[in-house]
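Below is one structure, written out as structure tokens; the observations come after it.
Derivation of every value follows stated rules applied to the coordinates shown; laboratory data play no part. Note that the structure is predicted; figures quoted are calculated from it, not measured. In this analysis, Cβ positions are derived from the backbone assuming ideal geometry, glycine residues included, and neighbour counts consider all displayed protein chains.
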Amino acid sequence: MLSGYSEPLHWNRLSLAPLWLKDRFLELIGREEDNARSGKPSGIIAKINSLCDRDIIEALYRASMAGVKIRLIVRGICCLKTGIPGISDNITVRSIVGDYLEHSRIFYFENAGAYEVYCSSADWMPRNLERRVEILFPVEEESLKERMVHILQVLLTDNVKARILNPDGSYVKVDKRGKVRCCAHECFCEEADMMNKQEKEPKRRVFIPEEPLT
């Protein structure tokens with residue numbers, strides 16, 4: 001496939017760029033829009049590094065206009081404008097830059113109450129969605145889904161490193177007055193340290209040579 005000599009017809013769970021990934025994102029965003037218009041639970045949370053794809057931005061605007069609550073964690077470039085009356089009233093954008101690169105991409109879709117979580121190698125940029133080989137996969141194990149949601153919730157609670165995008169394109173610090181201090185990176189570091197201490201025995205890989213064919 002990479003060399004151009006073949007092209008997969010269909011994959012069951014994985015979405016691949018530049019073949020199907022952009023359409024899959026648009027489909028997922030459109031589903032939330034339809035759910036909102038039908039009065040069903042809807043919502044989108046996305047953690048990415050950059051957002052500048054025109055089609056994705058327009059889809060997010062349409063979902064916002066339908067009443068979908070959209071919370072974006074965009075570390076770097078963001079071409080979407082918040083606070084446009086009647087268009088992006090339901091969209092918030094925050095950037096977190098701290099001790100760690102935070103390079104992961106996590107996507108949450110409410111899906112009428114049966115929420116879905118995805119991870120991906122791609123940002124919402126034309127070069128990722130149209131000109132590179134990137135992949136999107138669903139997180140299906142319940143414990144891992146809960147872990148992904150926890151990560152998103154901590155990032156959305158951060159009031160130390162987070163900066164909120166204003167309608168004029170400027171970023172401002174979170175108002176911490178009356179709130180408990182929360183630094184996402186410190187929280188993740190403490191959780192990792194705690195998990196490491198709870199590990200009774202270090203995991204060891206044992207190499208077992210394959211038996212020769214007889």
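For segment 5-35, taking the residues that are surrounded by fewer than 19 Cβ atoms within 10 Å (Cβ to Cβ) and among the hydroxyl-bearing types (S, T, Y), the one that is nearest to E110 (Cα to Cα) is identified as S6. Checking each residue in segment 102-111 for being out of contact with any strand residue (DSSP E or B) (no Cβ under 7 Å at 6 or more places or on another chain) and surrounded by 16 or more Cβ atoms within 10 Å (Cβ to Cβ) picks out E110, N111. Taking the criterion of being among the polar types (S, T, N, Q) and either part of a helix (DSSP H, G or I) or touching a residue at least 40 places away in the same chain (Cβ under 8 Å) (or both), the residues of segment 29-58 that qualify are N35, S42, N49, S50. Is it the case that segment 79-97 has a residue that's closer than 30 Å to L2 by Cα and in contact with a strand residue (DSSP E or B) (Cβ under 8 Å, 6 or more places away or on another chain)? No, segment 79-97 has no match at all.
Mind listing whichever residues of segment 15-28 are in contact (Cβ under 8 Å) with a residue 40 or more places away in the chain and not basic (K, R)?
Residues satisfying the conditions are S15, L16, A17, P18, L21, F25, L28.
The set of residues in segment 36-49 being surrounded by 14 or more Cβ atoms within 10 Å (Cβ to Cβ) and either over 12 Å from E110 (Cβ atoms) or of a type in the set (A, V, I, L, M, F, W, C) (or both) consists of A36, R37, I44, I45, A46, K47, I48, N49. Scanning segment 66-101 for residues that are out of contact with any Phe, Trp or Tyr (no Cβ under 8 Å at 6 or more places or on another chain), buried (at least 19 other Cβ atoms within 10 Å of the Cβ) and either of a type in the set (S, T, N, Q) or on the phi > 0 side of the Ramachandran plot (or both) gives T82, N90.
Filtering E140, E210, E134 for residues that are touching a strand residue (DSSP E or B) at 6+ places or on another chain (Cβ under 7 Å) and either loosely packed, with under 10 Cβ neighbours inside 10 Å or closer than 27 Å to I70 by Cα (or both) leaves a single hit, E134. Does segment 183-206 contain any residue that is in contact with a Phe, Trp or Tyr (Cβ under 6 Å, 6 or more places away or on another chain), over 30 Å from Y61 (Cβ atoms) and outside any loop (DSSP other than H, G, I, E, B)? Looking through segment 183-206, at least one residue is in contact with a Phe, Trp or Tyr (Cβ under 6 Å, 6 or more places away or on another chain), over 30 Å from Y61 (Cβ atoms) and outside any loop (DSSP other than H, G, I, E, B).
Summed over segment 164-212, residues that are small (G, A, S) and over 24 Å from the mean Cα position of the chain (by Cα) total 1. On the given criteria, is N12 farther than 23 Å from R94 by Cβ, in contact (Cβ under 8 Å) with a residue 40 or more places away in the chain and either in a helix (DSSP H, G or I) or of a type in the set (S, T, N, Q) (or both)? So N12 fails the test. Scanning segment 87-136 for residues being acidic (D, E) and part of a loop (DSSP other than H, G, I, E, B) gives a total of 5. When segment 70-86 is filtered for residues that are in a loop (DSSP other than H, G, I, E, B) and under 15 Å from D168 (Cα atoms), the ones remaining, listed by number, are I77, C79, L80, K81, T82, G83, I84, P85.
Within segment 102-121, residues that are farther than 15 Å from A36 by Cβ and free of Cβ contacts under 8 Å to residues at least 12 places away in the same chain reach no partner that is of a type outside the set (A, V, I, L, M) and in a strand (DSSP E or B) with beta carbons closer than 8 Å at six or more positions or on different chains.
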